[in-house]
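**Student:** Here it is, the structure in full.
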Amino acid sequence: MTTSQEELLPGTRRALLHRIAVAQSEGRAPSLVATVVRDGKRVWTGSRTSVEGHAPDENVQYRIGSITKTFTAVLVLRLRDEGALNLGDPLERHLPGTGVGEATVAELLAHTGGLAAETPGPWWERTSGALRPELGDVLGERPLLSPPGRRFHYSNPGYTLLGALVEKLRGASWEEVLRRDVLEPLNLRRTGVRPQAPHAAGWAVHPWADVMLPEPAVDLGRMAPAGQLWSTTGDLATFMAFLAKGDERVLSADSLQEMRTPAAPHATADVVSGYAYCLGLEIRHHDGRTLVGHTGSLPGFLACLMISVEDDVASVVLANCTSGPMLFAVAADLVRIVAEAEPRIPAPWKPSPDADPATLELTGQWYWGTHAFALRVTADGHILLGPLSGTGRRSRFRANGDGTWTGLEGYYAGELLEAVRRPDGSVSHLDVGSFVFTRQPYDDGAPVPGGVDPEGWRGVG
């Protein structure tokens, strides 16, 4: 990924530097480094440090904690796309004998498998993985706290199981598969399971005094797929660009869109706070902006990456302290600063190279009962059906090649849209998951469910 610092205006760069300077100072972080990506390019990197005369850059490694889970999720989605598994498969089908095999692959990805949040025994993040050599040591005697699929409960052991699943189906270690399938194709040379110089040391900062204590940098062993990785803001900038737009060598844009789609039911507090978990990614709503990414922490380190797909702006922030700056707020602010100070300039409108007459025939106004909808053809060849005004059921549909379309999101996700034609070939109505859309409200020339009063529309008198 290329760096182009001059692409941001001086005022924007100063606002970004001011934000991370406040975060490092008030959060009392030994060091903090951040990078902003726009349109797939790294456009700004800044850092602050307590060591005079030296500051980390985009090549200094930090531990990224649970951002590792996003990498593991990419490996699982690759297996799905290759046909090695289905997300609805129970774990037992591929990895028998765990005791939690009724949980599905998708439920483990979305933290709805019913598993405990942590491992039994000593705090796994500060103790050697050698204490937990087998899956049974990670899961304990009571791995399930609730029936699978019932509720969201963040689970680190769940991602250990996903890492073991990757190993079983690939016939190689999680580390080897990650390097071969993700790190090397994306050229993430400074990301790995062990630190390589230059790297930051992890510190605990005393909560009531300006003194520090070194944190141990342990190998997490079996728990590695949940939080082992070290990386840099430079590598994570490249990874964020991949998460936003895809790379066919690793994972398609459609599969990444699926990863960014909420998949977990949440407690009321999460809904109110605008938080949802997807398949290895989080969605957070902040200051009217939808951000997708992940946070991470391990003793001595904090990490956060967030992407605004709509603004095409992303940020990553790393710090080497156990607690301190609220990195999500920092990352969200970096995105906001760039998006508001230098809003995205849209690409010029261009006409489509061709037009399908059968699809063009469907465009325009439709009615579901008395609700007015419009059907449009989008630039990517999909069709969009949504209300003419206000809020309501809205979805894009992908052509299936047989005259039908499949819904991609919202209420109609997975539902079939079909243009039902009369014997003469003209379109009678749209059937969308059994709902009939007609050219006129309650069109008596179409098979409206329940029929249409033969006397037609009339006034009160």
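**Student:** Between 0 and 90 degrees, rounded to the nearest ten: what's the tilt of helix 156-170 against the longest Cα principal axis of the chain?
**Tutor:** Value to nearest ten degrees: 80.
**Student:** Please work out whether region 221-335 counts as rounded, prolate or oblate from its C-alpha gyration tensor, where a ≥ b ≥ c are the square roots of the eigenvalues and a/c under 1.5 means rounded, while otherwise a/b larger than b/c means prolate and anything else oblate?
**Tutor:** Note, shape of region 221-335 comes out rounded.
**Student:** Give the aspartates and glutamates reachable from Lys350 as a straight Cα distance under 15 Å; neighbours fewer than 8 places away on the same chain don't count.
**Tutor:** Cross-link targets: Asp380.
**Student:** Classify region 416-461 from the C-alpha gyration tensor, please: rounded if a/c falls under 1.5, else prolate or oblate depending on whether a/b exceeds b/c.
**Tutor:** Judged from the Cα gyration tensor, region 416-461 comes out prolate (a/c at least 1.5, a/b above b/c).
**Student:** In whole Hz, with x marking every Gly and Pro, tabulate ³J(HN,Hα) for region 306-313 from phi via Karplus 6.51 cos²θ - 1.76 cosθ + 1.60, θ = phi - 60°.
**Tutor:** Each residue's phi maps through the Karplus curve to give 9, 10, 9, 4, 5, 7, 6, 10 Hz.
**Student:** What's the angle, to the nearest 10 degrees (0 to 90), between helix 10-27's Cα axis and the longest principal axis of the chain?
**Tutor:** Around 60 degrees separate the two axes.
**Student:** Hey, another quick one. For region 361-367, take each phi angle, set θ = phi - 60°, evaluate the Karplus expression 6.51 cos²θ - 1.76 cosθ + 1.60, and give the result in whole Hz per residue in order, putting x for glycine and proline.
**Tutor:** Computed from phi, the couplings for region 361-367 are 4, 8, 5, x, 8, 9, 10 Hz.
**Student:** Let me ask another. Under a cut-off of 21 Å between alpha-carbon atoms, report the lysines in cross-link reach of Lys168, not counting same-chain residues fewer than 8 places apart.
**Tutor:** Partners found: Lys69.
**Student:** Using only Cα atoms and rounding to the nearest 10 degrees, what angle (0 to 90) does helix 68-81 make with the longest principal axis of the chain?
**Tutor:** 40
**Student:** Could you work out how much longer the chain between Ser146 and Arg421 gets when fully extended? Use 0.36 nm per residue separation minus the Cα distance between them, nm to one decimal.
**Tutor:** Here the segment from Ser146 to Arg421 would lengthen by 94.1 nm.
**Student:** Which ³J(HN,Hα) values, rounded to whole Hz and listed in residue order, are derived for region 219-235 from phi using the Karplus coefficients 6.51, -1.76 and 1.60 in 6.51 cos²θ - 1.76 cosθ + 1.60 with θ = phi - 60°, glycine and proline given as x?
**Tutor:** So the J values, rounded to whole Hz, are 7, 7, x, 4, 7, 3, x, 8, x, 7, 5, 10, 7, 10, 5, x, 5.
**Student:** So who's got an amide H within less than 5 Å of the one on Glu409, skipping anything under 5 residues away but keeping other chains? H placed 1.01 Å off N, in plane.
**Tutor:** Placed amide hydrogens put Arg396, Gly414 under 5 Å from Glu409.
**Student:** Between Asp81 and Leu388, what length comes free when the chain is fully extended (0.36 nm per residue of separation minus the Cα-Cα distance, one decimal in nm)?
**Tutor:** So the extension gain works out to 106.9 nm.
**Student:** Still on this structure, I have one more. Amide H neighbours of His429 under 5 Å, at least 5 residues apart or on other chains, H built in the peptide plane: list them.
**Tutor:** Hits under the 5 Å cutoff: Val420.
**Student:** Which one is right for this structure if log10 I(q)/I(0) by the Debye sum over Cα atoms at q = 0.07, 0.09, 0.12 Å⁻¹ is calculated from it: (i) -0.55, -0.82, -1.22; (ii) -0.43, -0.68, -1.07; (iii) -0.36, -0.60, -1.04?
**Tutor:** (ii)
**Student:** Please give me the summed charge of the neighbours of Leu139: other residues whose Cβ is under 14 Å from its Cβ, Lys and Arg +1, Asp and Glu -1.
**Tutor:** Taking every Cβ under 14 Å from that of Leu139, the sum is -3.
**Student:** Based on the alpha-carbon gyration tensor of region 357-437 and its eigenvalue square roots a ≥ b ≥ c, which shape applies: rounded if a/c is under 1.5, prolate if not and a/b is larger than b/c, or oblate?
**Tutor:** rounded
**Student:** In deg cm²/dmol, rounded to 500, what helix-only [θ] at 222 nm does the chain give when every DSSP H run of at least 4 residues adds -39500 (n - 2.57) and the total is split over its residues?
**Tutor:** Counting only the DSSP helices, I get -7000 deg cm²/dmol.
**Student:** Separate question: For a quick check: with amide H placed at 1.01 Å from N, whose amide H comes under 5 Å from Ala264's, ignoring anything fewer than 5 positions away on the same chain?
**Tutor:** Amide H to amide H, under 5 Å and 5 or more residues apart or across chains, Ala264 pairs with Tyr277.
**Student:** If you place +1 on the Cβ of every Lys and Arg and -1 on the Cβ of every Asp and Glu, how big does the dipole about the Cα centre of the chain come out, in debye to the nearest 20?
**Tutor:** With only Lys, Arg, Asp and Glu charged at Cβ, the dipole is about 760 debye.
**Student:** What is the sum of charges, Lys and Arg at +1 and Asp and Glu at -1, for the other residues whose Cβ falls under 11 Å from the Cβ of Arg63?
**Tutor:** Net local charge, Arg63 excluded: -1.
No lab work stands behind these numbers, since they all come straight from the coordinates. All figures in this text were calculated on a predicted structure; none of them were measured in a lab. We place every Cβ from the backbone using ideal geometry, glycine too, and count neighbours over all the protein chains shown.
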